[in-house]
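Notes to accompany the following structure.
The values are calculated or read from the model by the stated rules, or taken from the named source; none is laboratory data. Given the structure is predicted, the values throughout are model-derived calculations rather than measurements. Cβ placement follows ideal geometry from the backbone for every residue including glycine, while neighbour counts extend to all protein chains displayed.
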Amino acid sequence: MLQIKGLTASVEGKPILRGIDLTVPTGEVHAIMGPNGSGKSTLSYVLAGRDGYEVTGGTVTFDGRDLLAMAPEERAAAGLFLAFQYPVELPGVGNANFLRTALNALHRARGEAELDAVQFLKLARAEAKRLSMPDDMLKRNVNVGFSGGEKKRNEVLQMAILRPRLAILDETDSGLDIDALRIVAEGVNALRGPQNSALVITHYQRLLEHIVPDRVHVLAGGRIVRSGGPDLARALEEGGYAAVVADAA
Amino acid sequence: MNAVTQLQPAWLRDGAAAFVARYEGLRDRLPGDAAARDAGAAAFRARGLPGVRDEAWHYTSLRPLVETRFAEPLTPVADCAALMTRLPQIDAPRLVFVDGRFRDDLSVVPSGASVRVGGPAYGALAQPGREPLVALNTMLAEDGAAIEVAAGADAGTLLLASVGIGGSPDRPVAFHPRHALNLGDSARLTLIEVAIGEGAYLHNPVFEITVGAAATLTHLRLQDESRAAFHISTLYADVAQRGSYDSFALTLGARLARLEVHARLAGRGATAHLNAVQLLGGTQHGDFTTVVTHDAPSCISRQTVKNVLTGRARGVFQGKIEVARDAQKTDGYQMNQALLLSTEAEVDSKPQLEIYADDVKCSHGATVGELDAEQLFYLRSRGIAEADARAMLVRAFLADALDPIAHEAGRVVLESAVAQWWERQAA
């Protein structure tokens, strides 16, 4: 589904990604772990198409299409979703209106029928309930006045409603208590299936106890320095990044 | 020529002289109170037209207007059926003026209010000696509506529409309607005022409004004039004790526009809301100028003013709050925010507080910004196309000015005008 080859990228002229090679096959969940400053968030923003992240080399294909040539909204329409590490507040934009506009934009781009307000609310309420979110989170402005945990849950709610083919979770676990962590994990696990993939970016192994990945990759210094099975995450937790990174060097 | 106009540049004097000549030619044929008209003419002769050296007009140059020579509207006026379809389709009585003249055939007179037309409705509030364009209106006003709502009556919703039909580009017309509204004690009315048109013209209305004790006027205004038009309007509202003047004004149209509001809180516990949105593009110039006078204790004034500017548009907000010595427990609030969607757009903001009482709460603030790149990316990352994402953020920027409008039909009219404006910009 996702193929990254020799990807290099800079932010404000400073090289951050120094040659990433990564393949996420359809139906698999991969985790990317790494110390702070290793380029984890940069990778997620490059994949989502954020301005200011300059790709200097390499290729990324998504279902065989050149992902890097697509606008952010085209990537979303193709089935890519980024759960933000720092979800953005949108004062004056109601959460339900935002979600319905997004969902209908995706439907339109795919030539599917749009949902009216009643159909949408029914869907949104059911998903919110599944994520143990109070209904009033749909009425409030997007992320405005939300706690850190509520913001992360709102990301997962968006993911549940938009049903991406590839979900990228950028440190969605940071700042969550154990209950919220479980809810986030359930949201990701609910999307797992033979047609869906996920890339879970995290600093800690904790989340991976709930979302068991098919593969784990260690990112350090803008490169993937090691890849392995779920055991690798546990080894990292016990031995720390220093040993793994030093080993690879 | 007198001491004031002597110091003015020749183009300004010549422009004023052309209006005076028109008055002299028409004087005997114009209807209504000749004494009021002549007093207006005397004030206009003394002051002339304002230039940017006049403090109140520092940010708005009338030069393109002053250098235009206007003719009288044609009689009978050209067919305006196509324009009429642009008026809001709301189920309410309507008073329609075409080129400043009342059109009985296009109007539906309200049952809950009495209306007199056929001449200028001069009131007691206007200050032709202080406001030159009000002097001009007083001198040349031909028609207008005098609306009365009896004490205790709920007059529902009334539409007051101005349709401007300019002549050919080399024959622009000018009209100066003069309206008055008296709302009796405890009376209620929602007035939806709309100005539309095509071609080149000057629309220079003056409106004098008195709101009685415990009466409520909701005044929703949409200025969507022809892009070749000049729109200079001045409104006076006096609000008695516990009365409320609750207004929202949306400015979209005209090449050069000014909306000037003088609201006086005259009785204890009176309230005024002067919310406004200006959406301007191209080389449009829009000026929203307010003077709120707290003349009685325990009155509340609120102003939320938003400018959204694209192209080389220029937006102006001048907001003055005056608090008289006796107006203790005054609660005044003013917020002016601008969103600049291009690097060449410009906004000027001039808040002014003049406070002579000691126990008051007055605050004001101003912000200028661009669309937030992070918010835009967030929306796009969810699949929302860039143009739609921008529209959502602009609408969000307007939320605290638009959302408080409680009148459902009125809000729909204004919301759809905002949406159409945005579609025109995006096209």
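Key figures
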read-out: Breaking point among (1) out of contact with any strand residue (DSSP E or B) (no Cβ under 7 Å at 6 or more places or on another chain); (2) surrounded by 21 or more Cβ atoms within 10 Å (Cβ to Cβ), for A:A96; value: (2)
read-out: Matching residues, the range A:121-170, being part of a loop (DSSP other than H, G, I, E, B), within 24 Å of A:L207 (Cα to Cα) and not hydroxyl-bearing (S, T, Y); value: A:L131, A:M133, A:P134, A:N143, A:F146, A:R163, A:P164, A:R165
read-out: Residue in the range B:28-43 that is closer than 27 Å to B:S226 by Cα and assigned to a helix (DSSP H, G or I) present; value: no
read-out: All positions within the range A:86-111 that are more than 12 Å from every other protein chain (Cβ to nearest Cβ) and closer than 30 Å to A:G27 by Cβ; value: A:G111
read-out: Which listed residue is within 20 Å of B:V291 (Cα to Cα) and more than 22 Å from the chain's Cα centre (by Cα), from B:R27, B:R69, B:R45, B:R53; value: B:R53
read-out: 3 or more residues exposed (fewer than 15 other Cβ atoms within 10 Å of the Cβ) and away from every other protein chain (no Cβ under 14 Å): qualifying helices (runs of 4 or more DSSP H) within the range B:338-427; value: B:408-426
read-out: Residue within the range A:203-210 that is among the hydrophobic types (A, V, I, L, M, F, W, C) and in contact with a Leu (Cβ under 7 Å, 6 or more places away or on another chain) present; value: yes
read-out: Number of positions in the range B:116-142 that are surrounded by fewer than 18 Cβ atoms within 10 Å (Cβ to Cβ) and free of Cβ contacts under 8 Å to residues at least 40 places away in the same chain; value: 2
read-out: Whichever residue in the range A:45-58 is assigned to a strand (DSSP E or B) and out of contact with any helix residue (DSSP H, G or I) (no Cβ under 7 Å at 6 or more places or on another chain) and, among such residues, is nearest to the other protein chains (Cβ to nearest Cβ); value: A:E54
read-out: Residue in the range B:256-278 that is within 18 Å of the chain's Cα centre (by Cα) and outside any strand (DSSP E or B) present; value: no
read-out: Flag if B:L250 is buried (at least 23 other Cβ atoms within 10 Å of the Cβ) and either more than 19 Å from B:A126 (Cβ to Cβ) or among the acidic types (D, E) (or both); value: yes
read-out: Any hit, the range B:1-14, residues being surrounded by 17 or more Cβ atoms within 10 Å (Cβ to Cβ), within 16 Å of B:V134 (Cα to Cα), outside the structural domain of B:L140 (by TED's automatic domain parsing) and not hydrophobic (A, V, I, L, M, F, W, C); value: no
read-out: Residue in the range B:153-164 that is on the phi > 0 side of the Ramachandran plot, surrounded by fewer than 24 Cβ atoms within 10 Å (Cβ to Cβ) and either modelled with pLDDT under 95 or in a strand (DSSP E or B) (or both) present; value: yes
read-out: B:E208 being of a type in the set (D, E, K, R) and either buried (at least 23 other Cβ atoms within 10 Å of the Cβ) or under 21 Å from B:R411 (Cα atoms) (or both); value: yes
read-out: Flag if B:G51 is on the phi > 0 side of the Ramachandran plot and either among the basic types (K, R) or not in a helix (DSSP H, G or I) (or both); value: no
read-out: Filtered residue count, the range A:63-85, keeping only those that are part of a helix (DSSP H, G or I) and within 9 Å of chain B (Cβ to nearest Cβ); value: 6
read-out: Subset of the range B:335-357 [within 19 Å of the chain's Cα centre (by Cα) and of a type in the set (D, E, K, R)]; value: B:D348, B:K350
read-out: Search result, residues across the range A:162-177 that are within 14 Å of chain B (Cβ to nearest Cβ) and touching a residue at least 40 places away in the same chain (Cβ under 8 Å); value: A:L162, A:P164, A:R165, A:L166, A:A167, A:I168, A:L169, A:D170
read-out: Condition check for B:D331: touching a residue at least 60 places away in the same chain (Cβ under 8 Å), out of contact with any Pro (no Cβ under 8 Å at 6 or more places or on another chain) and in a strand (DSSP E or B); value: no
read-out: Pairs with Cβ under 7 Å, 6+ apart, first in the range B:143-170 and within 30 Å of B:A71 (Cβ to Cβ), second hydroxyl-bearing (S, T, Y) and assigned to a strand (DSSP E or B); value: B:G164/B:Y201; B:G166/B:Y201
read-out: Residue in the range B:181-193 that is assigned by TED's automatic domain parsing to the domain that holds B:V109, touching a Gly at 6+ places or on another chain (Cβ under 8 Å), closer than 29 Å to B:R13 by Cβ and of a type outside the set (S, T, N, Q) present; value: no
